[in-house]
Amino acid sequence: MTSIGAAARRATPRTIPSWLILALACAGQFMVILDASIVNVALPAIRAELGFTPTGLAWVVNGYLLAFAGFMLLGGRAADLFGPRRTLVAGLLLFSAASLAAGLATAAEVLVAARVAQGAGAAMMTPATLAVINTYFTEPGARARAFGAWSSAGGVGGMIGAVAGGAITTGLSWRWVFLINVPVGALLIAVALAALVTVQSARREPLDLTGAVTATAGLAALVYGVMQSAEHAWSSGRVLVPVLAGLLLLAVFVVVEARFAGRPMLPLRLLRIRGVAVGNGMLLLFGGITIAMWYFTSLFLQNVLGFSALLAGLGQTPAAVTFMLVARASAALLPRAGARAPVLGGGALFVAGFGWLSLAQAGGGYLTGVLGPTLLVAAGIGLTFPTLMAAATAEAPEGAAGVVGGLANTTSQVGSSIGLAVLATAAGAAGSPEALADGYGLVFLIAAGLGLALAAGGFLLPRRA
């Protein structure tokens, strides 16, 4: 139990309803995931008003994701050093201020800078919300249920993003896609200040600046290089230089943490914990599976079946609801079922669902070709995501809940970025609906293979999470 956890345990029965703390953690994660998707439908309107080039427009999305992945490990360490309350409030303040700047932006450069700042704020919020769960929910059953609710909140954010983005952009303006965060952020800041306990780490450790710089720069360079592969060949300098630079910086980070850091940002002994090591390795695979499901299924609906962006979002809603329901049920059963059974079941659903989805063709129907298999895949995501997050974070030692949570989310985000780049290459360039269907079919077959690998890795997980 951390010093923060001990204080929380003393305060919670007297003054802090557990449902309020859980609602705060879920709402923070909801905002983070919502803003990763809500802007997509608004991009054409943003381009028309601010004069973005096609290449520049992508950075309205990529700027957020790049900062989110790059700063998450640092955000997790901040939660350990300064406490979940301070880190969450600071993240919400930065996120809300950046949202205001984005909503008022009159130049393309200002909007991209605001999106980067939003991503940095989100990178503080996500590990802080996980640290809140690990700190305030110490009983295994309650913690598992909290993880399920937290996972479902992310699913709700992703599901609502596409639909809400279209509705807000059409009914109001693209600016309200960002401005809506300001009053919501203010409310969450007030709740966090009222509900959470302020306890700083008893050891008052200094921040490992060398580790922070090398980890953040390395992750950012790696993700940036992978993103560049969407427009340039993997052999091009625009991809290879940042990828190699990122890997080199991460190697330096490992050496610094192992040999030179007096108080390492990421103590490498954490990677000797079975759940942390195996859970993060599987989250790397899981990132590719989620990209195949949500991103490429949306493209299939729009580019092959001819759905509008709004209809594609609605078409994915049944799968998102399935994910949320299964995630809640899976998390509730986790203390009794253990970690292996849900991952094995999820892997089987991935193989079946993506295998079925790979057969969908142009001219096919939504109900038979898309709805059925996506429900299977969504159920698999609901089984595996809360399980992997619990396995990767549940054994975090005293004072390390934030950095372990940040590591788990970083791994998943990097897996999504690499998965997007690799699967986009497999999907091929634009063509006829028939050609695109073949490319997406290959993507779904690769995702089925990732599901099989995930199921095999399930045997390496601890029996209990």
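The values are calculated or read from the model by the stated rules, or taken from the named source; none is laboratory data. Note that this is a predicted model, so its numbers are computed, not measured. Quick reminder, even Gly has a Cβ in these numbers, built from the backbone with ideal geometry, and neighbours come from all protein chains shown.
Here's the yes/no breakdown for (1) touching a Leu at 6+ places or on another chain (Cβ under 6 Å); (2) assigned to a helix (DSSP H, G or I); (3) without any contact (Cβ under 8 Å) to a residue 60 or more places away in the chain; (4) charged (D, E, K, R):
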residue: 281; (1), (2), (3), (4): no, yes, no, no
residue: 299; (1), (2), (3), (4): no, yes, no, no
residue: 307; (1), (2), (3), (4): yes, no, yes, no
residue: 347; (1), (2), (3), (4): yes, yes, no, no
residue: 375; (1), (2), (3), (4): no, yes, yes, no
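May I ask you to list the residues in the range 310-334 that are within 14 Å of residue 158 (Cα to Cα) and not hydroxyl-bearing (Ser, Thr, Tyr)?
Those that are within 14 Å of residue 158 (Cα to Cα) and not hydroxyl-bearing (Ser, Thr, Tyr): 310, 312, 313, 314, 315, 316, 318, 319, 320, 321, 323, 324.
Given the options 250, 240, name the one that is out of contact with any His (no Cβ under 9 Å at 6 or more places or on another chain), closer than 21 Å to residue 407 by Cβ and in a helix (DSSP H, G or I). Spell out how you get there, then give the answer.
Values: 240 fails: closer than 21 Å to residue 407 by Cβ.
Checking each option against the conditions leaves just 250.
Could you check the range 113-136 and list, in sequence order, the residues that are out of contact with any Gly (no Cβ under 6 Å at 6 or more places or on another chain) and of a type in the set (S, T, N, Q)?
Across the range 113-136, the qualifying residues are 118, 126, 134.
Could you please tell me which pairs satisfy a Cβ distance under 8 Å, a separation of 6+ or placement on different chains, a first residue in the range 316-330 that is assigned by TED's automatic domain parsing to the domain that holds residue 387 and under 18 Å from residue 368 (Cα atoms), and a second residue that is among the aromatic types (Phe, Trp, Tyr) and part of a helix (DSSP H, G or I)?
If the second residue must be among the aromatic types (Phe, Trp, Tyr) and part of a helix (DSSP H, G or I), the pairs left are 316/294.
Examine the range 355-362 for a residue that is within 19 Å of the chain's Cα centre (by Cα), at pLDDT 85 or above and under 18 Å from residue 454 (Cα atoms), and state whether such a residue exists.
Checked the range 355-362: no residue is within 19 Å of the chain's Cα centre (by Cα), at pLDDT 85 or above and under 18 Å from residue 454 (Cα atoms).
If you go through the range 400-420 one residue at a time, do you hit one that is among the β-branched types (Val, Ile, Thr), over 22 Å from residue 274 (Cα atoms) and modelled with pLDDT under 85?
So far as the range 400-420 goes, yes, one or more of its residues are among the β-branched types (Val, Ile, Thr), over 22 Å from residue 274 (Cα atoms) and modelled with pLDDT under 85.
Out of the residues in the range 349-361 meeting the condition of being hydrophobic (A, V, I, L, M, F, W, C) and part of a helix (DSSP H, G or I), tell me which one is surrounded by the fewest Cβ atoms within 10 Å (Cβ to Cβ). Spell out the reasoning first.
As a first pass, look at the range 349-361 and keep what is hydrophobic (A, V, I, L, M, F, W, C): 349-352, 354, 356-357, 359-360.
With part of a helix (DSSP H, G or I) added as a condition, the list becomes 349-352, 354, 356-357.
Numbers: 349: 24, 350: 30, 351: 21, 352: 17, 354: 29, 356: 19, 357: 27.
Step by step, filter the range 349-361, then rank; the result is 352.
Condition test on residue 299, is it assigned by TED's automatic domain parsing to the domain that holds residue 416, within 24 Å of residue 414 (Cβ to Cβ), at pLDDT below 85 and not basic (Lys, Arg)?
Here the answer is yes, as residue 299 does meet what is asked.
Residues 97, 108, 102: which one is surrounded by fewer than 20 Cβ atoms within 10 Å (Cβ to Cβ), of a type in the set (A, V, I, L, M), within 17 Å of residue 49 (Cβ to Cβ) and in the same structural domain as residue 80 (by TED's automatic domain parsing)?
Exactly one residue qualifies, and that residue is 108.
Quick one: would you say residue 75 is in contact with a Lys or Arg (Cβ under 6 Å, 6 or more places away or on another chain) and either in a helix (DSSP H, G or I) or touching a residue at least 24 places away in the same chain (Cβ under 8 Å) (or both)?
No; evaluated as a whole, the condition is false for this residue.
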